[in-house]
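What follows is a short report on a single structure.
The values are calculated or read from the model by the stated rules, or taken from the named source; none is laboratory data. Keep in mind it's a predicted model, so treat the numbers as computed, not measured. So basically every Cβ, Gly included, is an ideal-geometry build from the backbone, and we count neighbours across all protein chains shown.
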Amino acid sequence: MIDMYKVSQRILLHEGLRLQPYFCTKGKQTIGVGRCLDTNPLTKEEEKVVGDWHHGITKCAAMYLLRNDIKRIYRELAKKIDFFKELDGERQYALIDMAFNLGVSGVLKFKKMLSYIAAGNYTKAANECLNSQYANDVGKRAIRIANTIKNGEFKL
């Protein structure tokens, strides 16, 4: 399993933290560390922990939601990418970070990148990551993710 603290800190770096509800650049209601409530509404358990999010949440609640999102994305990626669990933690993180931004279905559209990762050709996989609308949209984040895929090491 991945290092939850490390992954959550990196996603926090990329997403930022907003304790009041807001609309993201795509017009979707969001809170905490990029939790899109339109596509990923709170579960009953999360509602109990978070409370009335309409008036804001605490940092602890935001981090709780983030950990749940990471776990959910990990499970979905492991289910839909047959080699995911065999990857080292850094490359698992790279795909989790991409899925946090694009959704798991968005990551699955990177067919060439995923086939290169499966084959262990991380340089070509990184190039596929960078040669995308995703990279145009998120800039430095995509460069960090591509370098993590290529080198198996996250660097700022």
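General remarks:
- Condition check for residue 31: closer than 25 Å to residue 140 by Cα and either at pLDDT below 95 or part of a helix (DSSP H, G or I) (or both): no
- Matching residues, region 10-52, being touching a residue at least 24 places away in the same chain (Cβ under 8 Å), closer than 14 Å to residue 100 by Cβ and not hydrophobic (A, V, I, L, M, F, W, C): 10, 14, 15, 32, 34, 35, 39, 40
- Which listed residue, of 114, 130, 95, is of a type outside the set (D, E, K, R) and within 22 Å of residue 68 (Cβ to Cβ): 95
- The residue of region 110-147 that is surrounded by the fewest Cβ atoms within 10 Å (Cβ to Cβ), among those that are under 20 Å from residue 73 (Cα atoms) and β-branched (Val, Ile, Thr), is 138.
- Region 74-102, subset aliphatic (A, V, I, L, M) and not in a helix (DSSP H, G or I), residue nearest to residue 152 (Cα to Cα): 87
- Restricting 35, 91 to residues that are of a type in the set (D, E, K, R), surrounded by 14 or more Cβ atoms within 10 Å (Cβ to Cβ) and within 30 Å of residue 124 (Cβ to Cβ) narrows the list to 91.
- Search result, residues across region 94-109 that are buried (at least 18 other Cβ atoms within 10 Å of the Cβ) and either in contact (Cβ under 8 Å) with a residue 40 or more places away in the chain or under 16 Å from residue 147 (Cα atoms) (or both): 94, 95, 96, 97, 98, 100, 101
- Number of the exception - residue 54 against (1) touching a strand residue (DSSP E or B) at 6+ places or on another chain (Cβ under 7 Å); (2) outside any strand (DSSP E or B); (3) buried (at least 16 other Cβ atoms within 10 Å of the Cβ): (3)
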